[in-house]
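Here is the structure we will look at, set down as structure tokens.
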Amino acid sequence: MLKSVKVSDYLPDRLIKFTPDMNIFRAVDQMLEYKISGAPVVDSTGKLVGILSQRDCLQNVIEGSFYDDSAVTVAHYMTKEVDTIRTDDDVVSVAQKMIRNNRRRFPVMDDAGHLVGMITLAEILRVVRDFAEHR
């Protein structure tokens, strides 16, 4: 049953993270280099403080603030209110939450509230494909 598959079973090995004081162009370079569409933003203690997506960056390009010299850090562009999920959430409920909230990714938190990964729409689709292949 697809509902028995937990998020923890499909977390990528590598987690790319940004910091609020990181230069926005460096963050964009990393998104392009690692072929990711967004990443969590953490403070110096590792606490999740936001998320930065390609959409956030593009939104600011359209609004003209992307090339504003006073706004060169990730903190200026990131989304501060972040929906998260837990490692033991099942992928069906995560998929439903993605659709309902129009999200492409969720930071994944452990039971202690620490950031342990990121799950994306692509990983959820991989679960569905793997499940269909092994039925």
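Whether any residue in the stretch 86-94 is at pLDDT 90 or above, over 26 Å from SER44 (Cβ atoms), within 15 Å of the chain's Cα centre (by Cα) and not in a loop (DSSP other than H, G, I, E, B) is what I want to check. Looking for residues that are at pLDDT 90 or above, over 26 Å from SER44 (Cβ atoms), within 15 Å of the chain's Cα centre (by Cα) and not in a loop (DSSP other than H, G, I, E, B), one finds at least one in the stretch 86-94, hence yes.
Picking from residues in the stretch 1-23 that are out of contact with any helix residue (DSSP H, G or I) (no Cβ under 6 Å at 6 or more places or on another chain) and more than 14 Å from MET118 (Cα to Cα), the one that is surrounded by the fewest Cβ atoms within 10 Å (Cβ to Cβ) is MET1. The listed residues are ASP29, ASP21, ASP43, ASP13, and the only one of them that is farther than 26 Å from ASN60 by Cβ and charged (D, E, K, R) turns out to be ASP13. A single member of VAL108, VAL41 is within 30 Å of PHE131 (Cα to Cα), touching a Gly at 6+ places or on another chain (Cβ under 6 Å) and at pLDDT 95 or above, and it is VAL108.
Scanning the stretch 104-120 for residues that are surrounded by fewer than 18 Cβ atoms within 10 Å (Cβ to Cβ) and without any contact (Cβ under 8 Å) to a residue 24 or more places away in the chain yields ALA112, GLY113.
The values are calculated or read from the model by the stated rules, or taken from the named source; none is laboratory data. The model shown is predicted, which means the values in this text are computed figures rather than measured ones. Using ideal geometry, Cβ is built from the backbone for each residue, glycine included, and neighbour counts are taken over all protein chains shown.
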